[in-house]
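Just so it is clear, none of the values below were taken in a lab; they were calculated from the coordinates. The model shown is predicted, which means the values in this text are computed figures rather than measured ones. Here Cβ is always computed from backbone atoms with ideal geometry, including for glycine, and neighbour counts include all displayed protein chains.
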Amino acid sequence: MFSKKNIKDIPVEETPHSTGSRKMVVGKEDVPSEFFEALTYGYLPPNENWSSHKHDNIVEICLVMKGEGNIKDKDGNLETFEPGDRFIFPPDTEHMIENTSKEVAEFYFFRLKAKVIN
């Protein structure tokens, strides 16, 4: 049997970062896969950032839904973002996301294990 849930019924929770929040749209417990980690919907307040961080052995795909800002990696590579942009962060890639707009920036984040570690 399939499952259904409306995103508006999913509670908002804190992120592991010092600012922002998210909805856990789909968690590991919802999908029987050794590679799937999470599908989240993140909210980053205006003029705030998610400081430099990485996801161990996780590929992270980011889809910008609202807002504008910058994404920077540890080597100083910088890309601006706007709604519709898609970013892929390879496993263990340090990155920072900064909202430079006057509205809450919103993103979908899809996380997959890069490989199975026994």
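Round to a whole angstrom and tell me the spacing of the C-alpha centers of the stretch 6-26 and the stretch 32-98.
Rounded to whole Å, the Cα centres lie 15 Å apart.
Give me the net charge of ASP85's neighbourhood, meaning all other residues with Cβ under 10 Å from the Cβ of ASP85; Lys, Arg count +1, Asp, Glu -1.
Here the charged neighbours net out to -2.
For LYS113, give me every one of the lysines with a C-alpha distance below 26 angstrom, ignoring sequence neighbours fewer than eight places off in its own chain.
LYS4, LYS5, LYS23, LYS28, LYS54, LYS72, LYS74
Rounded to the nearest 0.05, what FRET efficiency do HIS17 and ASP75 have when you use their Cβ-Cβ distance and R0 = 30 Å?
0.90
So how far apart, in nm, are the two label points at MET65 and ILE7 if each is 7 Å from Cα heading toward Cβ?
0.2
Using the Kirkwood formula on the Cα atoms of the chain, what hydrodynamic radius do you get, in angstrom to one decimal?
14.9
So, counting K/R as plus one and D/E as minus one, what does the shell of residues with Cβ under 14 Å around PHE36 add up to?
-1
Modelled label-to-label distance, VAL104 and LYS54, 7 Å Cα→beta-carbon offset: nm?
Calculated label separation equals 3.1 nm.
Given +1 on the Cβ of Lys and Arg, -1 on the Cβ of Asp and Glu, and no further charges, what dipole in debye does the chain carry about its Cα centre, rounded to the nearest 20?
It comes to approximately 360 debye.
Starting from the Cα of THR93, step 7 Å along the direction of its Cβ; do the same at ASN47; then give the gap between the two resulting points in nm.
Each label point lies 7 Å from its Cα, and together they span 3.0 nm.
Order these by the 10 Å Cβ neighbour count, fewest first: ARG86, ARG22, ARG111.
By the 10 Å Cβ count, ascending, the order reads ARG86, ARG111, ARG22.
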